[in-house]
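Step one of this worksheet: look at the structure below.
The values are calculated or read from the model by the stated rules, or taken from the named source; none is laboratory data. This is a predicted model, so every value here is computed, not measured. Ideal geometry is used to build each Cβ from the backbone, glycine not excepted, and the neighbour counts take in all protein chains shown. Please note that ligands, DNA and RNA were not included when accessible areas were found on the heavy atoms of the full protein model with its side chains. Shrake-Rupley method; radii C 1.70, N 1.55, O 1.52, S 1.80 Å.
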Amino acid sequence: MAGIVSAICAYLCLGGVVNGQFIPALTGESLRIVGGVFCIIAALDSLTTIFLYQNRRTQMAICWSIILTAVVGAFFFVWIALAIPFVFLAWRSIRADERLVRSIDRIR
């Protein structure tokens, strides 16, 4: 969900819909472009985290970097902050999985 929200934010930040047509925002407004870059970084990191299911510690570290990216990106485009709760929920679930695996290893 965080990747989808970030991708939508990147779409909205780097362009808009005027009279039914997509108008890119690359004609100035450098703050919107910077906000779009942060949205793209958060979206790509969110999607790559999915494929790192073998390494939960790396997943948790990337989740914190996504949260940091979203917080910094929120200074340029506020809507990226909508991804933060989804990333936090993902981090919490990954942490629970890591704790479960460690407790099973202790039993052995």
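What the table below lists for this structure:
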| item | result |
| --- | --- |
| Dipole moment magnitude, nearest 20 debye, region 64-108 about Cα centre, only Lys, Arg, Asp, Glu C-beta charged | 240 debye |
| Per the chain, cysteines lacking a partner by the 4.7 Å Cβ criterion | C13, C63 |
| Histogram of C-alpha separations across region 44-87, 10 Å bin width, % | 31, 51, 17, 1 |
| Expected 222 nm ellipticity per residue - DSSP helices of 4 or more, -39500 (n - 2.57), all of the chain, to 500 | -25000 deg cm²/dmol |
| Solvent exposure, largest accessible area first (probe 1.4 Å, DNA, RNA and ligands not counted), of M60, M1 | M1, M60 |
| Spin-label model distance (nm) - F75 vs F51, 7 Å beyond Cα toward Cβ | 3.1 nm |
| Placed amide H near G15: partners under 5 Å, 5+ positions off or other chain | A25 |
| Residues R102 and L82, FRET efficiency given R0 of 35 Å [Cβ-Cβ distance, rounded to 0.05] | 0.65 |
| Within the chain: Cβ-based charge dipole about Cα centre, in debye rounded to nearest 20 (Lys, Arg +1; Asp, Glu -1) | 560 debye |
| Over 16 Å [Cα-Cα, the chain], rounded percent | 58 percent |
| Accessible surface of the chain, 1.4 Å probe, proportion on carbon and sulfur as whole % | 70 percent |
